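Trainee: Shown below is the structure under consideration.
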Amino acid sequence: MNGIRHYKSMATALLVSIAIVSAAPTIVVAQEPAQFISEHRIEAGGRLVLFTATAGETLLRDDSSRPIAAIWSVAYTASNAERDRPVVFVFSGGPGAASLGLNIGFLGPRLVPHSSSPSNDGGVASFELIDNPHSLLDIADFIFVDPVGTGFSRAIGDAENKDFWSMAADTASMADFIRTWITENQRSNSPKYILGLSYGTPRAVTIARRLSQSSNQMTVNGLMLLGPALDFMGLDPIVGNPISYISFMPTQAAVAHYHGKVGRDVPLEEFLSQARQFAIGDYFQALVLGNKLSRTERLAVARKLSTFIGLDPELILNANLRVSIAKFRSELLRDSGMTIGYSDGRYTGPALDPNSAKPTDGDPSVTVYDARYEAGVNHHHSKYLGIRIDRPYRMWNTDVGRDWTWSPDLSVFKNPQAYRQAKRGGHIEVASQLASVMQKNAELEVQVAVGYYDLYTPFFDTERVFANFNIDPDRVEMNYYTTGHRLYTNSTVREALTADIRDYLSKEKQ
């Protein structure tokens, strides 16, 4: 199928939500598309909020009005709310992740219980979902969206899932979904926000740009970017690219500090300030000069780097001053037979193969929560939403990432030189698109959330991106949290993050 970017949706938006009351929900089931509706209540913001949970499919159609995709979503909307009430569209990342974690792990009215510190709890049954004690449903409606191939979303008709698995096609389909939902729910006067995690952040930026440039323009009021990935240059530790090693080094320092390997008597923020200065000073210079440095000079840099990331100077020297994340995860706690998490470096797991140069048994900071979400979503769907779907919910679909077309959308490059560079090198970045959207929409403000222990999207790289793409710093709120990539998996951090989002949404309403 060709031209996914050019289709126009004609579908009715039918969305999903989660029950709060103990009584079984009233279910309305349509043959095509599927829909499940229930009414609930929750204490939020110090008052009782009545809301509707709508779970279901929205059809996307091509230019000939033929259905090509059924998008599954979960919507929580306040009952009898004003039409100018803010609405927040929520996307996870991957690509290949459904919005489940952000729903029952963070912003939905029912949550999987979380610890306030890293735990090796495997998330096995049984446990009960709890009411979200920090729900934001008193000030905004939330729609959790699953892109094609995730959750219950799928291509239909003559289309295939792979038709949607590229940056351009994904952006087009998700922008089309938002436009459809807004139109069919008569919410054109509502302030509109997009919240994205990880790959959900470039998705949020490109959706905002597409909505603003379509024939019937739709303006986005704000973006909330969690664990941003807006310029992949700083995330790819390839040969000849010193930027990524500079970007990750302060996060490695934060993780080593957490595990007591370095800076024991120095507060974290002060220690990371020192790490930043070393990263952009002596460390960056050494990486650029490369073999022009003598062994004595390189060893001096290795010894200094050792005081930040906790590894032996000779190991660092043998790695040519470039310690990959895989090697760092394997080596930091090798003396205790443990490896550390990838998504969140605070977590640990046994090193099943002590001779391996990299972790060999997954990511302990992911598996502990994925197990809980897998169990929680089935419990949540059947008991609270009354969903009856005869196919599995794809919380994480590895096929999406495997078959994803990783190439930039060349249509966004207006500068000839930037176009040639993107076409030649395949450089993926959307930070310049964010700058453009903000320039054209003077009201748009951005809230950014980063975790100190995130080894996927390091906080220092986020700082670099927002400092180097002509993004107005006065309209960016940067918040830091003592957690990893999925910031909300720590209950204490989740409370702080939710409070910051409340302040952001409340400020935008004023």
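Trainee: Any residue at all in region 239-262 that is surrounded by 15 or more Cβ atoms within 10 Å (Cβ to Cβ), among the aliphatic types (A, V, I, L, M), assigned to a loop (DSSP other than H, G, I, E, B) and at pLDDT 95 or above?
Mentor: Yes: one or more hits.
Trainee: Specify which of the listed residues (ARG209, ARG203) is within 25 Å of THR457 (Cα to Cα), open to solvent by 10 Å² or more (accessible area, probe 1.4 Å), under 19 Å from the mean Cα position of the chain (by Cα) and in contact (Cβ under 8 Å) with a residue 12 or more places away in the chain. Working first, answer last.
Mentor: Working: ARG203 fails: open to solvent by 10 Å² or more (accessible area, probe 1.4 Å).
Result: ARG209 is the single residue among ARG209, ARG203 that is within 25 Å of THR457 (Cα to Cα), open to solvent by 10 Å² or more (accessible area, probe 1.4 Å), under 19 Å from the mean Cα position of the chain (by Cα) and in contact (Cβ under 8 Å) with a residue 12 or more places away in the chain.
Trainee: Can you tell me which condition ARG179 does not meet? The list is (1) open to solvent by 20 Å² or more (accessible area, probe 1.4 Å); (2) within 28 Å of LEU497 (Cβ to Cβ), and all the others hold.
Mentor: ARG179 satisfies every listed condition except (2).
Trainee: Would you check if there is a residue in region 313-324 being crowded, with 21+ Cβ neighbours inside 10 Å, touching a Gly at 6+ places or on another chain (Cβ under 7 Å) and at pLDDT 90 or above? Steps first, please.
Mentor: Taking region 313-324 first, the residues crowded, with 21+ Cβ neighbours inside 10 Å are 316, 323.
Filter again for touching a Gly at 6+ places or on another chain (Cβ under 7 Å), leaving none.
Scanning region 313-324 turns up no residue that is crowded, with 21+ Cβ neighbours inside 10 Å, touching a Gly at 6+ places or on another chain (Cβ under 7 Å) and at pLDDT 90 or above.
Trainee: Quick one: GLU463 ticks every box in (1) of a type outside the set (Phe, Trp, Tyr); (2) out of contact with any Phe, Trp or Tyr (no Cβ under 9 Å at 6 or more places or on another chain); (3) under 23 Å from MET249 (Cα atoms); (4) crowded, with 21+ Cβ neighbours inside 10 Å except a single one, so which number is it?
Mentor: (4)
Trainee: If I filter region 481-495 for residues that are crowded, with 16+ Cβ neighbours inside 10 Å, in contact with a helix residue (DSSP H, G or I) (Cβ under 9 Å, 6 or more places away or on another chain) and assigned to a strand (DSSP E or B), do I get at least one hit?
Mentor: The answer is yes, given that some residue of region 481-495 is crowded, with 16+ Cβ neighbours inside 10 Å, in contact with a helix residue (DSSP H, G or I) (Cβ under 9 Å, 6 or more places away or on another chain) and assigned to a strand (DSSP E or B).
Trainee: Of the residues SER343, SER365, SER330, which is part of a loop (DSSP other than H, G, I, E, B), of a type in the set (Gly, Ala, Ser) and in contact with a Ser or Thr (Cβ under 7 Å, 6 or more places away or on another chain)?
Mentor: Numbers: SER365 fails: part of a loop (DSSP other than H, G, I, E, B); SER330 fails: part of a loop (DSSP other than H, G, I, E, B).
Only one candidate qualifies: SER343.
Trainee: LYS304 passes all but one of (1) among the charged types (D, E, K, R); (2) at pLDDT 90 or above; (3) within 30 Å of ILE104 (Cα to Cα); (4) part of a helix (DSSP H, G or I); which number fails?
Mentor: Single failed check for LYS304: (3).
Trainee: A follow-up question, please. Which residues, counting only those in region 370-409, are outside any loop (DSSP other than H, G, I, E, B) and closer than 21 Å to ALA155 by Cα? Step through it out loud before you land on a result.
Mentor: As a first pass, look at region 370-409 and keep what is outside any loop (DSSP other than H, G, I, E, B): 370-385, 394, 396, 398-403, 405.
Answer for region 370-409, where residues must be outside any loop (DSSP other than H, G, I, E, B) and closer than 21 Å to ALA155 by Cα: ARG394, TRP396, THR398, ASP399, VAL400, GLY401, ARG402, ASP403, THR405.
Trainee: Do we have ASP454 as at pLDDT 95 or above, within 16 Å of the chain's Cα centre (by Cα) and part of a loop (DSSP other than H, G, I, E, B) here? Before you say what the answer is, go through the steps one by one.
Mentor: Details: at pLDDT 95 or above: yes; within 16 Å of the chain's Cα centre (by Cα): yes; part of a loop (DSSP other than H, G, I, E, B): yes.
Spelling it out, ASP454 is indeed at pLDDT 95 or above, within 16 Å of the chain's Cα centre (by Cα) and part of a loop (DSSP other than H, G, I, E, B).
Trainee: May I ask you to list the residues in region 379-392 that are under 16 Å from GLY105 (Cβ atoms), out of contact with any Pro (no Cβ under 9 Å at 6 or more places or on another chain) and buried (at least 19 other Cβ atoms within 10 Å of the Cβ)?
Mentor: Passing the criteria: HIS380, HIS381.
Trainee: Could we say that LEU107 is buried (at least 24 other Cβ atoms within 10 Å of the Cβ), within 27 Å of THR457 (Cα to Cα), at pLDDT below 95 and not small (Gly, Ala, Ser) here? Please lay out each step first, then the result.
Mentor: Working: buried (at least 24 other Cβ atoms within 10 Å of the Cβ): yes; within 27 Å of THR457 (Cα to Cα): yes; at pLDDT below 95: no; not small (Gly, Ala, Ser): yes.
For LEU107, the condition - buried (at least 24 other Cβ atoms within 10 Å of the Cβ), within 27 Å of THR457 (Cα to Cα), at pLDDT below 95 and not small (Gly, Ala, Ser) - is not met.
Trainee: SER212 - would you say it is at pLDDT below 95 and farther than 26 Å from PHE177 by Cβ? Full working, then the answer.
Mentor: Details: at pLDDT below 95: yes; farther than 26 Å from PHE177 by Cβ: no.
Answer is no for this residue.
Trainee: Consider only pairs whose beta carbons are under 6 Å apart and that are at least six residues apart or on different chains; among these, list those whose first residue lies in region 67-81 and is in contact (Cβ under 8 Å) with a residue 40 or more places away in the chain and under 20 Å from LEU48 (Cβ atoms) and whose second residue is part of a strand (DSSP E or B) and open to solvent by 10 Å² or more (accessible area, probe 1.4 Å).
Mentor: So the pair list comes out as ALA75/THR54; THR77/THR52; SER79/LEU50; SER79/THR52.
Trainee: Yes or no: ALA55 crowded, with 18+ Cβ neighbours inside 10 Å and within 18 Å of PRO191 (Cα to Cα)?
Mentor: no
Trainee: Give ASP353, ASP399, ASP312 a once-over and let me know the one that is in contact with a Ser or Thr (Cβ under 6 Å, 6 or more places away or on another chain) and charged (D, E, K, R). Quick ask: steps written out before the conclusion?
Mentor: On the way: ASP399 fails: in contact with a Ser or Thr (Cβ under 6 Å, 6 or more places away or on another chain); ASP312 fails: in contact with a Ser or Thr (Cβ under 6 Å, 6 or more places away or on another chain).
Testing whether each residue is in contact with a Ser or Thr (Cβ under 6 Å, 6 or more places away or on another chain) and charged (D, E, K, R) leaves just ASP353.
Trainee: Cβ-Cβ under 6 Å, sequence separation 6+ or interchain: first residue in region 396-417 and among the acidic types (Asp, Glu), partner at pLDDT 90 or above. Which pairs?
Mentor: ASP403/LYS162; ASP403/TRP165; ASP409/MET167; ASP409/ALA168
Trainee: Could you look through region 263-272, keep only residues that are part of a helix (DSSP H, G or I) and of a type in the set (A, V, I, L, M), and pick out the one that is most open to solvent (accessible area, probe 1.4 Å)? Working first, answer last.
Mentor: Within region 263-272, the subset part of a helix (DSSP H, G or I) is 268-272.
Remaining after also requiring of a type in the set (A, V, I, L, M): 268, 272.
Details: LEU268: 21, LEU272: 1 Å².
That would be LEU268.
Trainee: For ASP409, work out the one condition from (1) over 30 Å from LEU268 (Cβ atoms); (2) open to solvent by 30 Å² or more (accessible area, probe 1.4 Å); (3) at pLDDT 90 or above it doesn't fulfil.
Mentor: Evaluating ASP409 over (1) over 30 Å from LEU268 (Cβ atoms); (2) open to solvent by 30 Å² or more (accessible area, probe 1.4 Å); (3) at pLDDT 90 or above leaves (3) as the failure.
Trainee: Name the single residue that is modelled with the lowest pLDDT among those in region 127-151 being surrounded by 22 or more Cβ atoms within 10 Å (Cβ to Cβ) and outside any loop (DSSP other than H, G, I, E, B).
Mentor: GLY151
Trainee: Any idea how many residues of region 435-453 are farther than 22 Å from SER343 by Cβ and either touching a Ser or Thr at 6+ places or on another chain (Cβ under 9 Å) or open to solvent by 10 Å² or more (accessible area, probe 1.4 Å) (or both)?
Mentor: Here the count works out to 10.
Trainee: Tell me whether region 273-290 contains one or more residues that are in a helix (DSSP H, G or I), modelled with pLDDT of 95 or more, basic (Lys, Arg) and surrounded by fewer than 20 Cβ atoms within 10 Å (Cβ to Cβ).
Mentor: Yes, there is a match, as at least one residue in region 273-290 is in a helix (DSSP H, G or I), modelled with pLDDT of 95 or more, basic (Lys, Arg) and surrounded by fewer than 20 Cβ atoms within 10 Å (Cβ to Cβ).
The values are calculated or read from the model by the stated rules, or taken from the named source; none is laboratory data. No experiment lies behind these values; they were computed from the predicted model shown. We place every Cβ from the backbone using ideal geometry, glycine too, and count neighbours over all the protein chains shown. Surface accessibility is based on the protein's heavy atoms, side chains included, excluding ligands, DNA and RNA. Shrake-Rupley method; radii C 1.70, N 1.55, O 1.52, S 1.80 Å.
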